[in-house]
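Input: a single structure, listed below in structure tokens.
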Amino acid sequence: MLNLENNYFKLIIFIILSSLGLLIVVSSLSSINSVINGYQNYVLIQNWEKNNDVHKISEIHDVLATKDFVFVPDYENHNIKKFTKDGTFVLEWGEEGTDPGQFDTPHSMAIDSQGYVYVSDMNNKRIQKFDNNGTFIIEWGIPGTGAGEFLHPHGMAIDSNDDVYVADTELADIQKFSKDGQFIRKWGSEGENQGQFGWMENIDLDSKDNLYVADLSNDRIQKFTKDGNFILQWGSRGDTDGEFENPAGIAVDSSDNVYVIDDTGRIQKFTSDGTFIASWGSDGNGDGQFSKSEGLDVDPDGYVYVADTANKRIQVFALSNSTITPNK
């Protein structure tokens, strides 16, 4: 009788342990599937609205996040502001005007492999190049519709050869230049077909020098080779995963993931072929919310900097398993 009871007890223990083991296996599989399906959680770590009382940022349409510094083209103050990665002001350059080093509504920025920064000087219809402390180097571009001419230069990107790409939203084309402003090629026209564009805000490149265009009024992302050959597109009008309402800001990280922000106040993250990974944010003026944001960038460490346009601030985000010390 005692042996029978002992055997029964052992059987119960075995069943319990087996159940626990099954739960552990299922839990592990769920974690693996979460990674495979790309569920990720981003958290706010900095809000520069609270950090810069003296050097307040006005309306901003883009942000450039490098290894050591962050640059902001200040649209209304007609200058460029340089900050440390935690939002501490370093310097600024420029004022309203048409001379070299002056600006009329600077829109976007990009940086080359040597640390030179390029600015799309929108209403002056030109590109200006500086060292990263604001010393003027060269400029190029005049008003017009021909090669090397601009009507409404917006987004910029620079490839591994330091060639410069400029999106002109009024001409509905992409122009490509050498680092000293020599025209190379252009492509695009107004329309809804592949390789055509509506209103464009920003562009970016991946590690293979493929170009991604936030085709805002067509509610899609288009991807091209560095020579302008169409590769693919994704997106349609809507507010669910993989859909857009006026996508404006676009950025590519070091792993070639693509980040897009639109008028819904959402940031969506995709693989380089347009597969949805994650999203966060909503419309508003609270922490982690955005209003009419037009630009974002991802630094080499994977932190996401957002030009929160109508809220006139920079917000910075990281994956929730990151160890950076929050600074709100």
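The values are calculated or read from the model by the stated rules, or taken from the named source; none is laboratory data. Please read these numbers as outputs of a predicted model, since none were measured by experiment. Using ideal geometry, Cβ is built from the backbone for each residue, glycine included, and neighbour counts are taken over all protein chains shown. Ligands, DNA and RNA are excluded from the accessible area calculation, which covers all protein heavy atoms including side chains. Shrake-Rupley method; radii C 1.70, N 1.55, O 1.52, S 1.80 Å.
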Share of carbon and sulfur in the accessible heavy-atom surface of segment 113-255 [1.4 Å probe, %]: 40
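Arrange the peptides 258-267, 136-145 so that the one whose residues have, on average, the most other Cβ atoms within 10 Å appears first. Before the final figure, lay out the partial values.
Numbers: 258-267: 23.6, 136-145: 14.7.
Order by mean packing, descending: 258-267, 136-145.
Find the accessible area per residue for segment 136-241; the probe is 1.4 Å, ligands and nucleic acids are left out, and the unit is Å². If you can, show how the numbers build up before the last one.
Values: 4380 Å² over 106 residues.
The answer is 41 Å² per residue.
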Highest average packing first - 271-279, 174-182, Cβ atoms within 10 Å: 174-182, 271-279
Projected area averaged over orientations for segment 189-286, convex hull of C-alpha atoms, nm²: 5.9
Protection-proxy order for peptides 66-75, 230-239, each taking the mean of Cβ atoms within 10 Å per residue, highest first: 66-75, 230-239
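Accessible area per residue of segment 255-328 at 1.4 Å probe, in Å²? List each step's numbers first, then the result.
Values: 2680 Å² over 74 residues.
Per residue, segment 255-328 has an accessible area of 36 Å².
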